[in-house]
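Just so it is clear, none of the values below were taken in a lab; they were calculated from the coordinates. Values in this document were obtained by computation on a predicted structure and should not be read as measured data. No Cβ is skipped: glycine too gets one built from the backbone with ideal geometry, and neighbour counts run over all protein chains shown.
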Amino acid sequence: MKRPGKLARVARRCFAISLAIKTENLSKIYSQDATGRPVGLIDLSLEVEEGQIFGLLGPNGSGKTTTLKLLLGLIFPTRGSGQIFGLPLGSNATKERIGFLPEGPYFYEHLNGIELLSFYGTLFGMGGSRLAARIEELLHLVGMWDRRFIHVREYSRGMRQRIGAAQAMINDPDLLFLDELTSGLDPIGAMEMHELIMELRDRGKTIFLCSHLLKDMEPLCDRVSILNQGEMCQSGAVEDLLRVEDQYRLLISNCSDELTQQLQTSAQHTEAVGNHFAAYYADQSGALAAAQEASAAGAVIEQLGAHHRTLEEVFIEAVGGEE
Amino acid sequence: MKPYKIIGWLAVIALIVAIQPLDRSVEYNRLILGLQQPTPWFQIAARGAAGDTELAVTGVTGVIVGAALGGFREVAATMLWMKTHEYWHKGEALQAKSLWLMRLVTLLDPHWLEPWRVTAWHLAYNLYVETDDPELRAKYLQMGVDCLREGVSWNPDRYDLYMELGWTYFDKVEDFEEANKWFKAAMRYPHPEYVDRLVGHAYERMPDVPRALDAYDYCLKRDPQDHTAKGATLTIRERYLWPWYLAEQGRYDEALEAINEYLLAKPSSSLGLHVKGHIAERAGKLRLAYDTWKLAGDISALDFLAQNKAVELAHELGIETEDTAQYLYMQKMGKDLKVTIPGRDRMSR
Amino acid sequence: MMRPILRVARATFHEAWRRRFLNGILLFAILIIGSSWVFAYLQPGAELQMIIDIGLGAIRFFGMLIAVFMGTRLIPDEIERRTIHTILAKPVSRAQFVFGKFLGGAATIAVNLALMGIAFYIVFAIKAPEFAAAKPEDAFIFAAMYSNIAKAIVLALFEIWLVLGIAVVASTLFSWVLSVIFTFVIYFVGQMSDFFQQLSDPGRGASQIAQVLLGALYRVLPHFEIFDIREAILQGTYTPWGTMLQTMGQGAAYLVVVLLIGYLVFNEREV
């Protein structure tokens, strides 16, 4: 998995500070709930650098789509501001350089794949053989070439998603907004999409992903921000968020009560994970010793190694910490 | 508010103001071209209030729906008109509600000629015979004539209502001078040929023999094959021209003799009697004139001119008489039958 | 600048023909127009007038219906089906989008009206000479009818475009039902605008406030009756091109006002 190294990021910061997206206190307040807490998006300040895959994560209703609509100029902020490539949100100059795949996309039902892409292409002033070539390329890319004459009204959800991705890329955008990219796609389709995105990133494009599937985004994103109830609760580079300094985990099953008590005394802390039992240690040797002990006691070693959290854990921790 | 919005709304107001002169100009041109047809809302409402309430609601609703739809205003008129047909078949055509509905149709679609014609016909003909009261009859005659006059004012470029108005004067009022005025107006627009002949007929009955001949001459010049005009010319020349000529010369006794000679052969000829009455009046033989007109009026119940003359002369001679509807109508119109005799003017000239 | 407008217009035009409801209205209108000669027999002696009343009346009435029901759906459908999201995310400004939608609707109206007009011309050409022959004295009226009908349809087109504009703008402001009602009311009241003028007549004892208010209402409302030249057709009057151009100009001016309002409203509308 290729990720720009820390050095590269530092270099980028020092020499070509070009932010794809920048928002300051971007807010969209729809109403207030019973406790007087505002509902909507509250004071979102983001900085997305060029050439990154950025994930805006959070459960349904956390304000992801609102953020997206604000960035695209479909709705207008209650307060705060934002810029894309240094240009105001929603201007035609901005929109020339971006692509957008909405969640569960809808298109004119009476068009077929080629007509649909040609419609969107001409909105960019494209035309002629250049557009035709671009459409063919994209249809191949999203695996819709064989189905290019089928009308949108006969599309399955997965096909809509694929043609949606194609229309988002019609202008070869520098910044791509993708809302729930893999919804409606089978695992293979989802994987293809992920590969596509990383390929785009390697070509220097910036990708802005919105998803509630934290697990899926984990291997994909360079940076993420996690939203909960309209507020950002975590933000940073994925590896930073996931790494837990100096922690090693031993996961065993078939664990006797005696062994449990032993491990509880030796480990920093322990927990039951389903049928399994996990013990955490500050150093590798301690974990190794405990593993030998457990093995001797007849338990089964399921896993042993440096501990990484999942984004879900990060999220739950962040939300839990708030409460 | 953002500046572009303020500018935008100001532009909207400015545009609406700027449209006004154009708007007025369009309205003006439409008025000139006769394209504007304002709906007489208050007239309709007033009529509704005076009429049957239920019907007023129907009518006013019809008018509003029709006018509101714009496109279907005439269709609404047609629907209301069909309702009057319904009354007609029920024998209620002469009731106030039916007449009011007809009037509504003429208000709604004043360029539709049929309702004017039929409404006037109901008034001057059908309501007229419903009563024996001369006063009432005179009133109906006036209403019929007024209805057609209003129709003419809406449709001044069509011969139809001029002709209809002329015909009502000709046939029902027997004010031939007035009839000819309208026949001649009808002739200024494309019209069927019988209108030309009606002018001749009117002069003939008035009587004004030379002008009748002129009118028929016009018909013949226009269409040499006009047998009616040809026949009328021959009859006039044969029967009335000579007595008329003598009367013009002031040779009244000879003129009366000449017309009597013809009347011996055809004692009930109303035209003959008219000529005789006319000559007798010119000669100053009012009693003879009275007897002649009276006779003509008695022979034909529809010879209103003769009856009018008889009433008029009776008043002059102090003979007891009963006023006819037509006489009352003429009186109301301020018409003195004596001065309407063109022959007299010519004599004095 | 123009390209996205035209592209949106084209898509709108193509989509409009797929609406069964609008096709149904068109079909029904053509049926009515096709049978207008049957209605003509309702008015013996005035068959020509009747065939024109029904024919042109149907063109204007059904054209207006199509404009209202299509116009009030053009933008809300895009919003509800969320197709607007992908379009506005492309370099299409809201103004371009609104004008594009309107233009597409206007083109649809034009074709609808042309179809109805052709149907009417066919019926007229078949039946009218027969009716005209029965009244030779009206020959001059009949002679002017062919060109006058064409002029009437052209003016009806402007009238219905204006209705469409109002419908489109209303739909960005109100819910669907409300915008349909609003458009109908504006159309009907606009047809009756002379009523307000009569009401505000001081000779009728209108109070000063009523005079000002009604007068203003009369001035602001589009006067739909100016697009009606059936009087000319029925009277056989020649309608000069100067007046035609003036009337079309006024229709266009009203349209500019309506679309400008639409732009001002829609530019801040969240989708």
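Which whole number gives the average, over all residues in A:117-125, of C-beta atoms from other chains lying within 10 Å of the residue C-beta? Please list the in-between numbers first.
Working: counts 0, 1, 8, 5, 2, 8, 14, 6, 4.
What the average comes to for A:117-125 is 5.
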Residues of B:177-190, mean number of Cβ from any other protein chain within 10 Å of their own Cβ, rounded to a whole number?
-> 1
Semi-axis lengths (Å, descending) of the ellipsoid that matches the C-alpha gyration tensor of region B:240-348 | 23, 16, 11
Going through region A:184-258, which trypsin sites (Lys or Arg not before Pro) have at most 15 other Cβ atoms within 10 Å and a DSSP loop state?
-> A:ARG203
Mean Cβ count within 10 Å, highest first, over the residues of peptides B:97-109, C:106-118, A:186-198 | B:97-109, C:106-118, A:186-198
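For region A:138-168, run through the chymotrypsin sites (Phe, Trp or Tyr not before Pro) and keep only the ones in DSSP coil with at most 10 other Cβ atoms within 10 Å of their Cβ. Numbers along the way, then the final one.
Working: sites: A:TRP145, A:PHE149, A:TYR155; in loops: A:PHE149, A:TYR155.
In loop regions of region A:138-168 (DSSP not H, G, I, E or B), the sparsely surrounded chymotrypsin sites (Phe, Trp or Tyr not before Pro) are A:PHE149.
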Mind listing the long-range amide H neighbours of A:LEU213? Cut-off is under 5 Å, sequence gap 5 or more, other chains count too, H placed in the peptide plane at 1.01 Å from N.
-> none
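Determine, from the Cβ-Cβ distance of B:ASP171 and C:LEU245 and an R0 of 41 Å, the FRET efficiency 1/(1 + (r/R0)^6), rounded to the nearest 0.05. Before the final figure, lay out each step's value.
Details: r = 48 Å, r/R0 = 1.18.
Computed FRET efficiency for B:ASP171 and C:LEU245 comes out at 0.25.
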222 nm [θ] for chain C, helices only, -39500 (n - 2.57) per DSSP H run of 4+, per residue, to 500?
-> -27500 deg cm²/dmol
In nanometres, what is the gap between the two model label sites at C:ALA143 and B:ALA301, each 7 Å from Cα along Cα-to-Cβ?
-> 4.8 nm
Multiply the residue separation of A:ASN275 and A:ASP186 by 0.36 nm, subtract the distance between their alpha-carbon atoms, and state the gained length in nm to one decimal.
-> 29.0 nm
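Quick check on the protein assembly as shown: what does the Kirkwood estimate of hydrodynamic radius come out to from the alpha carbon pairs, in Å?
Working: mean 1/r = 0.0278 Å⁻¹.
With all distinct Cα pairs of the protein assembly as shown included, I get 35.9 Å.
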Prolate/oblate/rounded label for chain A (Cα gyration tensor, a/c 1.5) | prolate
Candidate lysines for bridging to B:LYS90, where Cα separation is under 26 Å - those fewer than 8 sequence places away on the same chain excluded = B:LYS139
In whole angstrom, how far apart do the alpha carbon centroids of region C:230-244 and region B:253-286 sit?
-> 55 Å
Out of region B:138-228, which GluC sites (Glu not before Pro) are coil in DSSP terms and have no more than 16 other C-beta atoms within 10 Å?
-> B:GLU193
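Let me spell out the model: positive unit charges on the Cβ of Lys and Arg, negative unit charges on the Cβ of Asp and Glu, origin at the Cα centre of the protein assembly as shown. What dipole size does that give, in debye rounded to 20? Each step should come with its number before you reach the end.
Working: 91 positive and 107 negative charges, 433 e Å.
That gives a dipole near 2080 debye.
As a check on your grasp of the helix formula, calculate [θ] at 222 nm for chain A: sum -39500 (n - 2.57) over DSSP H runs of n ≥ 4, divide by the residue count, round to the nearest 500. Before the final figure, lay out the partial values.
Working: 12 runs with 120 residues, N = 323.
Counting only the DSSP helices, I get -11000 deg cm²/dmol.
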Once phi for every residue in region C:175-186 is put through the Karplus expression 6.51 cos²θ - 1.76 cosθ + 1.60 (θ = phi - 60°), the whole-Hz ³J(HN,Hα) values, with Gly and Pro written as x, are 5, 4, 4, 5, 6, 5, 4, 4, 5, 4, 4, 4
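Give the calculated FRET efficiency between B:ASP291 and B:TYR194 to the nearest 0.05, with a Förster radius of 35 Å applied to their Cβ-Cβ distance. Don't jump to the answer; show the numbers that get you there.
On the way: r = 34 Å, r/R0 = 0.98.
Result of the calculation: an efficiency of 0.55.
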Computed E for C:ASP201/B:LEU94 - FRET, C-beta separation, R0 35 angstrom, nearest 0.05 | 0.50
In order over region C:59-64: 3J(HN,Hα) from phi, Karplus 6.51/-1.76/1.60, θ = phi - 60°, whole Hz, x for each Gly or Pro, gives 4, 5, 5, 6, x, 5
In whole percent, what relative contact order does region C:13-156 give with Cα contacts below 8 Å and a gap of six or more residues?
-> 33 percent
For peptide C:89-99, how many partner chain Cβ atoms fall within 10 Å of a residue's Cβ, on average?
-> 6
Please list the non-local residues whose amide H lies under 5 Å from the amide H of A:LEU181, H modeled 1.01 Å from N, same-chain partners needing a gap of 5 or more.
-> A:CYS210
Backbone HN-Hα couplings from phi across region C:98-108 [Karplus 6.51/-1.76/1.60, Hz, Gly and Pro as x] = 4, 5, x, 4, 4, 4, x, x, 5, 5, 4
Using only the alpha-carbon atoms of chain C, report the extent along each of the three principal axes, biggest first, to the nearest angstrom.
-> 65, 51, 33
What order, most packed first, do the peptides C:185-194, C:126-135 have when packing is the mean number of other Cβ atoms within 10 Å of each residue?
-> C:185-194, C:126-135
Rank-order C:225-237, A:292-304, A:225-237 by packing density, defined as the average count of other C-beta atoms within 10 Å over each peptide's residues, highest first.
-> C:225-237, A:225-237, A:292-304
Give the residue from A:GLN247, A:VAL300, A:LEU227 lying farthest towards the positive end of the charge dipole for chain A; charges sit on Cβ (+1 for Lys and Arg, -1 for Asp and Glu) and the dipole is referred to the Cα centre.
-> A:LEU227
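Based on other C-beta atoms within 10 Å, arrange B:LEU246, C:LEU56 from fewest to most. Present the calculation step by step, with values, prior to reporting the outcome.
Details: B:LEU246 19, C:LEU56 28.
With the fewest neighbours first, B:LEU246, C:LEU56 line up as B:LEU246, C:LEU56.
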Quick one: of B:LYS285/B:LYS335; A:LYS22/A:LYS215; B:LYS221/C:LYS151; B:LYS332/C:LYS135, which pairs are farther than 32 Å apart, Cα to Cα?
-> B:LYS221/C:LYS151; B:LYS332/C:LYS135
Using modelled amide H (1.01 Å from N, peptide plane; none on Pro or chain starts), what sits under 5 Å from the amide H of A:GLU302, excluding residues fewer than 5 places away?
-> A:LEU251, A:ILE252, A:SER253
